[in-house]
1. Counting only protein heavy atoms and using a 1.4 Å probe, what share of the accessible area of the chain belongs to carbon plus sulfur, as a whole percent?
2. Run the reach check for K5 against aspartates and glutamates, Cα to Cα strictly under 15 Å, same-chain hits fewer than 8 apart removed. What comes back?
3. Rank these residues by their accessible area, most exposed first, probe 1.4 Å: K61, K396.
4. Given contacts defined as C-alpha pairs under 8 Å and at least six residues apart, what's the relative contact order of the chain, whole-number percent?
5. For a quick check: with amide H placed at 1.01 Å from N, whose amide H comes under 5 Å from D439's, ignoring anything fewer than 5 positions away on the same chain?
6. Send over the Kirkwood Rh of the stretch 288-399, from the inverse of the averaged 1/r over different Cα pairs, rounded to one decimal Å.
7. Roughly how many Å is it from the Cα centre of the stretch 35-69 to that of the stretch 315-359, as a whole number?
8. Based on C-alpha coordinates, I'd like the Rg and Dmax of the stretch 205-328, in Å.
Amino acid sequence: MMTQKAKMILEKDFKISEIDNRIYGSFIEHLGRAVYGGIYEPGHPQADENGFRQDVIEMVKELQVPIVRYPGGNFVSGYNWEDGVGPVENRPRRLELAWRTTETNEIGTNEFMKWAKLVNAEVNMAVNLGTRGIDAARNLVEYCNHPGGSYYSDLRISHGYKEPHKIKTWCLGNEMDGPWQIGHKTATEYGRIAQEAAKVMKWVDPTIELVACGSSYRNMPTFAEWEATVLDHTYDHVDYISLHQYYGNRDNDIKNYLALSLEMDDFIRSVISIADYIKAKKRGKKNINLSFDEWNVWYHSNEADKKIEPWSIAPPQLEDHYNFEDALLVGCMLITMLKHADRLKIACLAQLVNVIAPIMTEDNGEAWKQTIFYPYMHTSVYGRGVSLNPIISSPKYDSKDFTDVPYLESTAVYNEENEQLTIFAVNRHLEEGLHLECDIRNFEGYRVVEHIVLENDDLKQTNSVKGTPVAPHSNGNATSEGGQVTAVLPKLSWNVIRLAKN
Ligand code: AHR
């Protein structure tokens, strides 16, 4: 077997930043079978007393998801949060216009907060700035976060939730730049309403953090100008600007597909520049950080979704069945985000269950893991600590849209407290293994404890309820000696090389 050669240097002091664990967040929208039939299926043999599927809870816990964005997505722009609180029997059924379904409102804010607690996650709550505005937003903050003694906090208490939910992270609407959005706005219209909503939401609870909507994706015609205008209005009142991006291998061009994380990198750099431009313009002191609150692969289910009967309840929408190559790109995207840990503080894999998700459920049947489950889980579990800045030299290739794509996509995370060093790496080469030599110089006494590999001969291989042919093994050949880690990363593979002190 031919091998290419790549080199990497890791230094304890070459730090990008402490990683904000919220970059391993995810997303549950009232869409398809994410809530109904996903996290909640009363009558299922695995359902607990609340109707929450315990098999799903266990898998979410395996992922160690620190924060979950809720309740949308496009859904939030037509949502009346009041429909989802109080006695379930009084809750209205609504036409859900974003996805043309019927929303029963059986699950709402309080039930979701209860579920989030069961999976040990915070909630990143979005407010409706489509059909609603400042009033509904500040009332929801009062309902969720105020201890008591006011109309909405007492309403929450009367609904059986004495303790405030203490939600820290809030999104000011969703994808307001998109014509598909209920209540779509120009940048100025959105900038103004986001500014005023942000102001009063923080007057209700000054401890909250707010995310303003950036562009729905990098190729939106309004991209860049949108961010600049929105931040011009909101700079003093918000903490983050959002990014959303989904990819797909529509042309079946694997070399180009796996290079898309370079575009993601460029997108992140551009948004940082725009945020810094506004900071400079305002002679500001604070940085606006980034929340990549929707990212993933999404394209497999596009055709199936056109056949869905309008106004059905929780139909199977956006149910992408991910293959092996999707897991490789997801791995590259995770590495890319880690490389920006100094400014990227929140990210949400969109989504978590059934809807473009790492976890799938069968109605009244079992839950199973998609291919993308694994790189997401590995980074979330082993990628806590300091994001290091590796010096990498790798052979490169050109593809349809990209030049100088490194075969090696890699980074490392140092967990000083647990004395662990973890290298995450993708080999993009289609035919050849990559011989990696990694100089770990001042990590004295660190040894390889595990080399996890996700590989498969068939790029199109998917998992299903019948089995998970795409699953990692721990038979990678990484070794360490004399401050040097050596490994062969198999062709087209996701790798996690775990080192610990002695
Ligand atoms: O995650 C699915 C959808 O993608 C979300 O509702 C929307 O925000 C985005 O367009």
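The values are calculated or read from the model by the stated rules, or taken from the named source; none is laboratory data. Computed from a predicted model, the values in this text were never measured in an experiment. When we count neighbours, we look across all protein chains shown, and the Cβ atoms used for this are built from the backbone with ideal geometry, even at glycine. Note: accessible area is taken over every heavy atom of the protein model, side chains too, but ligands, DNA and RNA are not part of it. Shrake-Rupley method; radii C 1.70, N 1.55, O 1.52, S 1.80 Å.
1. Carbon and sulfur: 47 percent of the exposed surface of the chain.
2. Correct list for K5: E409, E431, E432, E437, D439.
3. K396, K61
4. Details: 1202 pairs, mean separation 98.5, N = 502.
Across the chain, relative contact order equals 20 percent.
5. M8, I9, L10, V485
6. 16.1 Å
7. Each part reduced to its Cα centre gives a spacing of 19 Å.
8. According to the Cα coordinates of the stretch 205-328, Rg and Dmax are 17.8, 53 Å.
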